[in-house]
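The structure appears below as structure tokens.
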Amino acid sequence: MGSRNVRKKLAVWGSALTALTAFAVTPVAASAAGHSVAAAKATTVAGHPSCASNLKWCTEVDDSEMVFGDGHYIGHDEPSVLYYSNKAGAGNNDTYTLRLPKDPPTQPKQDGSGSTWNFQLHPAFWFGMAMCDDQSAPGPASGNATCTPNSDSNIYNDSNPSSPHYIGKHPGSAFMEMQFYPPGWVPWPAGNSCDPTKWCAALNIDSLSLDYNKGLQNNPSCQAAAGVEYVNFAFLTKNGQATSPADPTNNNRFNLDPAHDFFMKSGDVLKVHLFDTSGGFKVEVNDTTAHQRGSMTASVGNGFAQVKFDPTASSCTTLPSAFHPMYSTSSEQTRVPWAAHSYNTAYSDETGHFEYCAASDPATGNCTQAAGSATLDSDDNGCFNPSDSTLVAIGGCLGNTPTDDDYNGVPYQKTWPGTGTPAVDRATKPTAIVFSSPTFRDGQQFSRVAFETDLPRIEDNGTLANPCNRLTGANCVNPPPGANFYPFYTTTRMDGSCVWQEGGASIPGTTNTFGGNSQAEFGGLLQLVYPGLSNNPRFVYNDFRQVLNNNPCRASN
């Protein structure tokens with residue numbers, strides 16, 4: 001797989017040189033990122049949208065050089081709130097209240113002097129949960145235990161290879177992201193908007209075709225058809241039936257069907273319920289403002305499937321499969337052992353993906369004319385022209401391969417709610433995403449909360465003068481180098497109840513700022529153990545995390 005990169009990485013991990021030849025695999029090549037709507041297939045591998053090239057869909061892996069063979073892949077900037085409880089149901093049956101943010105009254109300008117809209121700050125935000133997938137990492141070819149749904153028997157976090165719960169023996173795992181997409185810009189699947197004025201949402205489950213213990217990826221046919229990190233994906237619909245199978249090898253699953261898909265308006269208040277059923281994990285969204293419902297079940301009937309892990313096969317096989325939650329509870333121990341983050345039950349934003357671009361080349365997706373005071377650089381790719389938009393006629397780059405790796409784009413400025421005076425914020429910035437802490441089962445409360453961001457993971461970046469060393473923690477910083485601002489979470493009241501909001505410290509009505517900046521909130525470096533080749537565990541700094549000893553913002557029942 002770009003074997004030189006893999007050998008270099010494994011040598012750094014301290015693996016035995018004699019074992020390096022185990023990586024006799026071919027990676028998914030990172031193709032040129034999307035450009036115009038008509039040329040959306042540039043974001044694909046063999047015609048299929050891929051996590052190696054269209055990053056907004058995918059869970060951040062712990063080490064993309066190993067997974068994708070691309071030392072420059074910098075994926076997802078994900079500031080998150082994690083929820084912990086040792087009671088049954090906390091890890092598999094959660095309900096949130098969510099208020100979708102509104103855009104300001106005026107549109108952004110091409111030179112960057114105007115307002116900021118939601119599609120510029122986040123191509124998606126989501127609620128997450130760990131899932132079972134026996135064909136997924138860390139050891140689908142190593143005889144690892146079968147995943148028992150909804151059970152903490154799946155906790156395998158020991159760093160000792162001799163332990164029966166060594167992390168390399170962890171049952172196969174996936175991560176579910178219940179994603180919401182903002183309106184107003186370039187349409188799916190190349191862009192990040194479903195509609196000029198309405199939001200949409202999708203059930204997104206990410207798995208990883210990799211055996212960490214043996215250094216094996218899946219066969220080239222599956223890599224071409226589904227990618228190394230494969231994605232089950234289905235838009236929420238009004239009747240709960242997928243309009244196209246969610247199967248990771250089905251390219252049509254990313255196409256919208258406006259007659260059947262579920263849409264919401266900015267400012268709507270939603271009840272989001274994530275829970276398991278006998279037929280598969282289910283999401284129900286009740287729009288209490290519009291009195292409409294949308295849903296999706298990760299079921300065989302909706303085309304959800306695991307990609308069979310068979311590295312020596314000449315063809316790719318998918319196994320129709322209902323997905324189920326991995327854990328019963330949610331804590332520091334309920335991890336997905338191949339993901340950069342440490343979470344199970346969580347809310348996360350997906351930010352760091354927009355830079356202005358006055359014109360781009362439709363053939364390559366590269367920016368050809370900078371906008372405003374910006375200059376062209378290597379991360380100005382995945383770009384679109386003003387004519388590609390459904391509403392706001394500006395050009396810009398989503399930076400799909402990689403993201404904004406010099407941290408100078410729109411999301412790293414004081415463009416968030418709560419970063420200016422109330423009058424300026426109302427006129428030029430979106431309202432905040434507002435969401436409650438989840439409750440589980442019959443209204444039970446989570447006892448603790450953590451703040452976590454994967455900045456070290458994305459700062460392991462060769463374009464920086466002093467990149468983060470994730471083995472030692474040196475040069476891993478918050479905010480990232482070049483950023484003028486980094487968003488964080490505060491609390492306020494909505495309808496008499498405590499809720500979370502994202503932005504700066506000065507949103508009117510704020511009740512707790514948790515230190516008033518991202519450095520104070522997200523805390524210090526977090527070292528996590530990951531499986532490695534030949535039972536050699538790896539210890540990596542991928543995140544900053546601060547765990548509170550309580551839940552300061554309990555939801556109302």
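The values are calculated or read from the model by the stated rules, or taken from the named source; none is laboratory data. All of these numbers come straight from a predicted model, not from anything done at the bench. We place every Cβ from the backbone using ideal geometry, glycine too, and count neighbours over all the protein chains shown. Accessible surface areas use protein heavy atoms only, side chains included; no ligands, DNA or RNA. Shrake-Rupley method; radii C 1.70, N 1.55, O 1.52, S 1.80 Å.
For the range 108-139, give me each residue that is in contact with a Leu (Cβ under 8 Å, 6 or more places away or on another chain) and either of a type in the set (D, E, K, R) or assigned to a loop (DSSP other than H, G, I, E, B) (or both). Those that are in contact with a Leu (Cβ under 8 Å, 6 or more places away or on another chain) and either of a type in the set (D, E, K, R) or assigned to a loop (DSSP other than H, G, I, E, B) (or both): Pro123, Gln135, Ser136, Ala137, Pro138.
Just one of the numbered conditions (1) closer than 28 Å to Val499 by Cβ; (2) of a type outside the set (A, V, I, L, M, F, W, C); (3) open to solvent by 10 Å² or more (accessible area, probe 1.4 Å) is not true of Gly372: (1).
The single condition among (1) over 24 Å from Tyr327 (Cα atoms); (2) not in a loop (DSSP other than H, G, I, E, B) that Pro189 does not meet is (2). Of all residues in the range 429-462, those that are under 21 Å from Glu350 (Cα atoms) and over 22 Å from the mean Cα position of the chain (by Cα) total 1.
Return only the number of the condition from (1) under 20 Å from Thr59 (Cβ atoms); (2) surrounded by fewer than 19 Cβ atoms within 10 Å (Cβ to Cβ) that Gly420 does not satisfy. Single failed check for Gly420: (1).
Please tell me if Pro311 is touching a helix residue (DSSP H, G or I) at 6+ places or on another chain (Cβ under 8 Å) and not aliphatic (A, V, I, L, M). So Pro311 does not fit the description; no.
Condition test on Ala90, is it open to solvent by less than 10 Å² (accessible area, probe 1.4 Å) and assigned to a loop (DSSP other than H, G, I, E, B)? So that I can check it myself, show each step before the final result.
Working: open to solvent by less than 10 Å² (accessible area, probe 1.4 Å): yes; assigned to a loop (DSSP other than H, G, I, E, B): yes.
It is true that Ala90 is open to solvent by less than 10 Å² (accessible area, probe 1.4 Å) and assigned to a loop (DSSP other than H, G, I, E, B).
Checking each residue in the range 430-445 for being open to solvent by less than 10 Å² (accessible area, probe 1.4 Å) and under 10 Å from Asn93 (Cα atoms) picks out Pro438, Phe440. Within the range 373-422, the residues that satisfy the criterion of being in contact with a Cys (Cβ under 7 Å, 6 or more places away or on another chain) and either closer than 19 Å to Asn118 by Cβ or outside any loop (DSSP other than H, G, I, E, B) (or both) are Gly382, Cys383, Gly395, Gly396, Cys397.
How many residues does the range 73-87 contain that are part of a strand (DSSP E or B) and over 24 Å from Val285 (Cβ atoms)? Working first, answer last.
Looking only at the range 73-87, we keep the residues that are part of a strand (DSSP E or B), and these are 77, 80-85.
Now drop any that are not over 24 Å from Val285 (Cβ atoms), which leaves 77, 84.
Looking only at that region, the number is 2.
Residues are listed down the side, and each one gets a yes or a no for (1) open to solvent by less than 20 Å² (accessible area, probe 1.4 Å); (2) assigned to a strand (DSSP E or B); (3) not basic (Lys, Arg):
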{"site": "Asn239", "(1), (2), (3)": "no, no, yes"}
{"site": "Ala242", "(1), (2), (3)": "no, no, yes"}
{"site": "Thr249", "(1), (2), (3)": "no, no, yes"}
{"site": "Asn252", "(1), (2), (3)": "no, no, yes"}
{"site": "Pro258", "(1), (2), (3)": "no, no, yes"}
{"site": "Gly280", "(1), (2), (3)": "yes, no, yes"}
{"site": "Arg293", "(1), (2), (3)": "no, yes, no"}
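Suppose we filter Tyr156, Tyr181 for residues that are among the aromatic types (Phe, Trp, Tyr), open to solvent by 10 Å² or more (accessible area, probe 1.4 Å) and at pLDDT 95 or above; which single one remains?
Details: Tyr181 fails: open to solvent by 10 Å² or more (accessible area, probe 1.4 Å).
Just one listed residue meets the conditions, Tyr156.
Selection of the range 352-372 for residues being more than 26 Å from the chain's Cα centre (by Cα), among the hydrophobic types (A, V, I, L, M, F, W, C) and outside any loop (DSSP other than H, G, I, E, B) yields only Ala359. Condition (residue is in a loop (DSSP other than H, G, I, E, B), over 19 Å from the mean Cα position of the chain (by Cα), touching a residue at least 40 places away in the same chain (Cβ under 8 Å) and more than 30 Å from Pro171 (Cβ to Cβ)) applied to the range 329-350: is it met by at least one residue? No, that holds for no residue. Scanning the range 260-272 for residues being open to solvent by 50 Å² or more (accessible area, probe 1.4 Å) and outside any loop (DSSP other than H, G, I, E, B) gives a total of 2.
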